[in-house]
1. Compute the signed sum of charges (Lys and Arg +1, Asp and Glu -1) over the other residues within less than 13 Å, Cβ to Cβ, of I15.
2. With a/c under 1.5 counting as rounded, go ahead and sort the chain into rounded, prolate or oblate using the C-alpha gyration tensor (a ≥ b ≥ c being the square roots of the eigenvalues; past the cut-off, prolate if a/b is larger than b/c, else oblate).
3. Only bridges whose two residues both fall in the chain count here: according to DSSP, what percent of them are antiparallel, nearest 5?
4. Residues of the range 351-366 with amide nitrogen under 13 Å from the 7 Å Cα-to-Cβ point of M1?
5. Tell me the label-point distance for the pair V33, Q303, using the 7 Å Cα-to-Cβ offset, in nm and rounded to one decimal.
6. So if each residue of separation counts as 0.36 nm, and I subtract the Cα-Cα distance between Q295 and D10, what length gain in nm does that give?
7. As a quick test, which of the pairs K30/K242; K22/K69; K69/K186; K170/K364 have an alpha carbon distance above 27 angstrom in this structure?
8. What is the list of residues in the range 1-33 whose amide nitrogen lies under 14 Å from a point 7 angstrom out from the Cα of K364, following Cα to Cβ?
Amino acid sequence: MPVPFFELRDFPVGIEAAIQGKVMAELAEKRFVLGPAVEAFEEAFAAYVQVPQAVGVGNGYDALVLSLKALGIGPGDEVLLPGNTYIATINAVQQVGAKPVLVEPDASTYNLSLTGLQEALTPNVKAILPVHLYGQTCDMPTLMQFAQEHGLLVVEDCAQAHGAEVGGQKVGTFGQANAFSFYPTKNLGALGDGGAVTTNNPEVAAFLRQYRNYGQSERYLYEVVGVNSRLDSLQAAVLSVKLQHLQALNAERQLLAGIYLQELQEVGDLILPETQAGCGHVYHLFVVRTARRDQLQQYLQTQGITTLIHYPVPAHLQASYAHLGLAKGDLPLTEELALTSVSLPLFPGMTSQEQAAVIIAIKKFFS
Ligand SMILES: *Cc1c(COP(=O)(O)O)cnc(C)c1O
């Protein structure tokens, strides 16, 4: 049975019709960029995350860049972030002129750990940028305490973890400015690009509302040299519908993950995702590890099952980051993860037959 890695399905049933209705309503409204639909979504998203302010922006990368800008992070500053994150996180730090300092993650959660941060700390570090990778929350209470002790700012990258909680508190509420992406495949996805910054600080929110729109304070009056990173009303309207179902969409991901976790126990040399006590997981991705990763991936493809690798080449070994002066062997765990990880199909609306086909094929490969 062919199993796609990801597919947008009508899940929960009826969501597709509701989205089409909203899109048609926005076409009649003719506002298109910012406007009432964006304001309504910002309010609903802030209420959902339980944070005073959410500011819609163009995409998740911009949400990171604008968060860093709003907190005054720039040239001369170092930012600690995990070496195994998606390239966008690192590019955002580079974009504001700060230096990304790549930190080895925790060996079982793949997220930033206290040990990693302690080892990488220098007097130039101004902020830490925890990434809730694959949908699993970082140990935020511990990371926040580290930040407080050393006077560091915190920007959370929540692009893979909408709705995930640490000890009952949602991600996007811990840092001073926190970035979300609404790229279509994310847990809360639009039908195009979109993003948001959440913050507890009204001044940060006010800066962002100007900065995303060329720095405009009142029509044709500008307080800062801003950029164009606005959320459009069609995406906001779609996101408002999907937000109402985010809990159900995440629950579906968790259900599928639970079945994988049960069925793939002690199969071959597979290492399954491990969650830390108190840390939530919304399974944006279901990532397993094996020494025979390439062979497994090829075998699954012959069975019509598509898998992906997040991420095959770590940032410090990319041509674009040669200037960091890091070589192969400098981040051994990050490199090991890149060589052994594979992401299995998991998406809302995936059928139990599809998941059974994946499980059977993996067991067959290892038997
Ligand atoms: C998707 C993603 C981003 C960037 O979001 P875009 O909307 O694609 O710009 C940043 N960080 C992480 C961890 C992501 O997964």
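1. So the surrounding residues net to 0.
2. Because a/c hits 1.5 or more and a/b fails to exceed b/c, the chain counts as oblate.
3. Expressed as a percentage, antiparallel bridges in the chain total about 60.
4. Correct set: 351-361.
5. With each label placed 7 Å out from Cα toward Cβ, I get 4.9 nm.
6. 99.3 nm
7. Violating the 27 Å Cα-Cα cut-off are K22/K69; K170/K364.
8. Of the residues in the range 1-33, 1-3 have backbone N under 14 Å from the label point off K364.
Read the figures in this text as sums done on the coordinates, not as results from a lab. Here the structure is a predicted model, which is why all the values come from computation and not from measurement. FYI the Cβ positions are ideal-geometry reconstructions off the backbone, even for glycines, and counts take in every protein chain you see.
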